[in-house]
Amino acid sequence: MTRLELRNVSKRFGNLDVLADVSLNVAAGEFVSILGPSGAGKSTIFQLLTGGLNGASGELLFDGAPLDDHGRHFAFMPQRDALMPWRRIIDNTTLGLEVQGVGRKAARARVEPLFAEFGLAGFERHYPAQLSGGMRQRAALLRTVVQQRDMLLLDEPFGALDALTRTSMQRWLEQMWRHHRWTALLITHDVREAVFLSDRIYVLSARPARIVSEIKVPLPRP
Ligand code: ADP
Ligand code: ADP
């Protein structure tokens, strides 16, 4: 079943063509990547999803209907700076729920049982600066998935990590995904990451971004 669909989406910033006729879809339970060079327009696609077409042309559909209430469908994880340095890890992971109106105590009760699975047991009361980069990204992902939205939007979640940590995080996320089957859209410029994590990959050209190919990743994954 198709959840998200972009139909012929084009976007310009002033004279700059950024997205040219981008069409893509993500089915329920599918992990899809958008792979493209830096500056191609990948983040712009996420901006449209979370903020509306805003002058772009084309159509955004969710479950077959025009995408209107964006916040309701997506949980977004940025590349970096997701955590507020002055909040303890536990209070960072509840942030998304608190924004949804869940009280702090109820939010804590929802995130606490997940700390072990996310490799963060014992670090609830630490501050972000006391954790490794990989742990911080796992905390950011924990905050994202507990929101229980329809779909995860992951913007280069491991892009700022060193190569070894990135590889271990990719393996970890792959295991997590096999278990939870989140519907996810990942943007990355890392070919290996896209192949390792995805069911399908849309390859974008450099600006203006067009989809130059769509690759179905054969299972089992490498
Ligand atoms: P990517 O995520 O693939 O690295 P982006 O979507 O961030 O690429 O950006 C695509 C292009 O659009 C870049 O050249 C960027 O400079 C330009 N761009 C992004 N946002 C704006 C904006 N608000 N105003 C003008 N240009 C922008
Ligand atoms: P990364 O995710 O960056 O690869 P790991 O999560 O593999 O790092 O770190 C391995 C373990 O090292 C963690 O589970 C944790 O127990 C411990 N650790 C990492 N950073 C710290 C820290 N700043 N303080 C205490 N223990 C840490």
- Given charges at beta-carbon only (K, R positive; D, E negative), |dipole| of the chain in Debye: 480
- For the chain, what does the equivalent ellipsoid look like in terms of its semi-axes, each the square root of 5 times an eigenvalue of the Cα gyration tensor, given largest first in whole Å? 29, 20, 17
- Item | Summed residue charge, Cβ within 15 Å of residue 81's Cβ, Lys/Arg positive, Asp/Glu negative | +2
- Message: If you roll a 1.4 angstrom probe over the protein chains with everything in place, what fraction of the accessible area of the stretch 129-196 belongs to carbon and sulfur, to the nearest %?
- Response: 47
- Message: Whole angstrom only: what separates the Cα centroid of the stretch 203-217 from the Cα centroid of the stretch 1-73?
- Response: 13
- Query: DSSP beta bridges in the chain, what fraction antiparallel, as a percent rounded to 5?
  - Reply: 55
- Task: Give me the Kirkwood hydrodynamic radius of the stretch 59-187, using the inverse of the mean 1/r over all pairs of distinct Cα atoms, in Å to one decimal.
- Result: 15.2
- The extension gain from residue 127 to residue 191, computed as 0.36 nm times the residue separation minus the Cα-Cα distance, is 19.8 nm
- Taking only protein heavy atoms into account and a 1.4 Å probe, give the accessible area per residue of the stretch 110-222 in Å². 46
- Message: Give the lysines reachable from residue 42 as a straight Cα distance under 24 Å; neighbours fewer than 8 places away on the same chain don't count.
- Response: 11, 216
- In Hz, Karplus ³J(HN,Hα) per residue of the stretch 28-36 (6.51, -1.76, 1.60; θ = phi - 60°; x = Gly, Pro): 4, x, 9, 10, 10, 10, 10, 10, x
- Task: Within the stretch 182-197, find all residues whose amide N lies under 19 Å from a label point positioned 7 Å from the Cα of residue 25 along Cα-to-beta-carbon.
- Result: 183-186
- Message: Given R₀ = 41 Å, what would the calculated FRET efficiency be for residue 59 paired with residue 99, taking r from the Cβ atoms and rounding to 0.05?
- Response: 0.90
- Task: Could you point to the residue in 99, 31, 65 farthest towards the positive end of the chain's charge dipole, with +1 and -1 charges on the Cβ of Lys/Arg and Asp/Glu respectively?
- Result: 99
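The values are calculated or read from the model by the stated rules, or taken from the named source; none is laboratory data. On a predicted model such as this, the values are computed, not experimentally measured, just so you know. Ideal geometry is used to build each Cβ from the backbone, glycine not excepted, and the neighbour counts take in all protein chains shown. Just so you know, the surface numbers come from the protein's heavy atoms only, side chains and all, with ligands and any DNA or RNA stripped out. Shrake-Rupley method; radii C 1.70, N 1.55, O 1.52, S 1.80 Å.
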